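Below is one structure, written out as structure tokens; the observations come after it.
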Amino acid sequence: MRTFTERSDTRRVDDEPSMPTRYPDQVLEEFAKLAEECSICYQCGTCTSACPSARDLYRGPRRLVRLILAGEIDALFASDDLWRCTECGACTTACRMEIDVASVLARVRALERIHGSIRCPERTAAEAAARRLERHPRIENVLFAAAMAARGHVPRDVVGAAEAGMKIVRTRLPGPKRAATGASPTRPTVTLPFYAGCSLPQDGELHALVHEVAAGFGVRLDEVDAGCCGHPSRGAVPTHFTSDERVWTACPACDASLAEASVDTAPLWDALVERARREGFALRARSASFVPYVGCLADRDKAIAALGDAAELAGVDMQVAYPGLHNACCGALGGMYRGATKGSKRLLEFAAQAGAPVVTPCVLCRDNVRSAARQLRLSVPVYFWPEFFRAAEPPREEASDA
Ligand code: SF4
Ligand code: SF4
């Protein structure tokens, strides 16, 4: 029986009938173009080495490119890995021959949508998300989960899914939805445009916490209710949001997707740390050390360095092993959680050995790594950035003797 974490394709090449499928001219022409663009590939494998999901893929980008070069359309259209790609772009950045591997795979996916028949959960999720976003501004997690269950894909982490469902219900109940968005009474205040994305507003407590932590830094968040950034639809429905000014985000997927729409974004956490530096105050952290995890969609080195800046201002120790450990796939290959990956297992084992929690600037990663810890029975706390860092309180005024 197949499990969600199995490294295999929907159909193996060996299982294919001996007669190859006949495809329309449009498909053959597009494949001829793709093969031409990839013809300089010398199969070095650098793309696969750079891919955060590679350990959990059956083929990986190098082998998918090889299938394009070999004209193996049937095998490509049978490869779940097409849909397990998270579109992070690391393969494109790494390719020494300047092949835009990520966009090559996106173009194969676009053809597969029309002419293929892959049945993996990621493709189903992409279709369900795209269908929803054609008519609604955002993905509603409960409705999305119900749509997936109706198609035979139950959540991999039932406990985590139930907790997320309860948070959504609490968020929808009458009552105050968010902590006051006013800034710290003791610090000068700035207002920043903030793009909250889809997931954060569905967790009322965490949403409130982000505003509260920002307020502690003297930052008021002017929140844009702009709906989905486009990422879960896997390129089928781009965002409708535009902005001429920089917007601050709490999600690397929003950063990546809005960048494609030419919107200038930056992580909110960078702004908070920069503000603390400029104003000369410290951060306080929840424990004396932590292990960073930045997810596959963030600019890895920059995101780890930003967490290092926060650690320095908080006077705590950031425990780093090797770069790939801190951005390997959290389990959401292609946007669908599939259980603990090799990457999340290694990360959690490292953190358990170090006796330190994992801290991440991505709330989706937090939930997925927590699910992995639960599955692996590893007692490692996993925190979203604002759950771990805060602005230190200003020193109290000395009582006057007067
Ligand atoms: S990094 Fe570029 S040249 Fe090397 S295998 Fe990947 S696509 Fe081919
Ligand atoms: S875009 Fe990212 S996930 Fe997809 S193949 Fe390239 S490196 Fe791997």
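The values are calculated or read from the model by the stated rules, or taken from the named source; none is laboratory data. What you see is a predicted model; the values in this text were computed from it and never measured. No Cβ is skipped: glycine too gets one built from the backbone with ideal geometry, and neighbour counts run over all protein chains shown.
Descriptive notes on the structure:
- Residue list for the stretch 35-68, restricted to those being more than 16 Å from ligand 2 (Cβ to nearest atom) and either farther than 30 Å from Pro323 by Cα or of a type in the set (A, V, I, L, M, F, W, C) (or both): Ala35, Glu36, Ser39, Ile40
- The selection criterion, being in a strand (DSSP E or B) and over 13 Å from the mean Cα position of the chain (by Cα), does not hold for Val273.
Residue-wise test of (1) buried (at least 22 other Cβ atoms within 10 Å of the Cβ); (2) over 15 Å from the mean Cα position of the chain (by Cα); (3) within 30 Å of Glu127 (Cβ to Cβ).
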site	(1), (2), (3)
Pro323	no, yes, no
Asn327	yes, no, yes
Lys342	no, yes, yes
Glu349	no, yes, no
Gln353	no, yes, no
Cys365	yes, no, yes
Pro381	no, yes, no
Phe388	yes, yes, no
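- Checking Pro52 against (1) in a loop (DSSP other than H, G, I, E, B); (2) more than 9 Å from ligand 1 (Cβ to nearest atom); (3) surrounded by fewer than 22 Cβ atoms within 10 Å (Cβ to Cβ); (4) not acidic (Asp, Glu), the condition it does not meet: (3)
- A single entry from Ala110, Ala32, Ala102 fulfils the requirement of being within 14 Å of ligand 2 (Cβ to nearest atom) and either of a type in the set (Gly, Ala, Ser) or not in a loop (DSSP other than H, G, I, E, B) (or both): Ala102.
- Strands (runs of 3 or more DSSP E) within the stretch 315-399 that include 3 or more residues out of contact with any Leu (no Cβ under 6 Å at 6 or more places or on another chain) and in the same structural domain as Val219 (by TED's automatic domain parsing): 358-360, 382-384
- Filter result for Val294 (touching a residue at least 24 places away in the same chain (Cβ under 8 Å) and either assigned to a loop (DSSP other than H, G, I, E, B) or assigned by TED's automatic domain parsing to the domain that holds Thr48 (or both)): yes
- Residue match in the stretch 187-198 (condition: at pLDDT below 80 and within 18 Å of Phe389 (Cβ to Cβ)): yes
- Inclusion of Tyr42 among residues that are part of a loop (DSSP other than H, G, I, E, B) and surrounded by fewer than 14 Cβ atoms within 10 Å (Cβ to Cβ) is warranted.
- Among (1) more than 20 Å from Pro24 (Cβ to Cβ); (2) surrounded by fewer than 24 Cβ atoms within 10 Å (Cβ to Cβ); (3) under 22 Å from the mean Cα position of the chain (by Cα); (4) within 16 Å of ligand 1 (Cβ to nearest atom) - the single one Arg107 does not satisfy: (1)
Here is a yes/no grid of residues against (1) at pLDDT 90 or above; (2) more than 19 Å from Asp270 (Cα to Cα); (3) crowded, with 20+ Cβ neighbours inside 10 Å:
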| position | (1), (2), (3) |
| --- | --- |
| Leu209 | yes, no, no |
| Gly216 | yes, no, yes |
| Asp225 | no, yes, no |
| Cys228 | no, yes, yes |
| Arg234 | no, yes, yes |
| His240 | no, yes, no |
| Ser243 | no, yes, no |
| Trp248 | yes, no, yes |
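- Of residues in the stretch 80-99 being within 12 Å of ligand 1 (Cβ to nearest atom) and either in a helix (DSSP H, G or I) or of a type in the set (Val, Ile, Thr) (or both), the one farthest from Arg338 (Cα to Cα): Ile99
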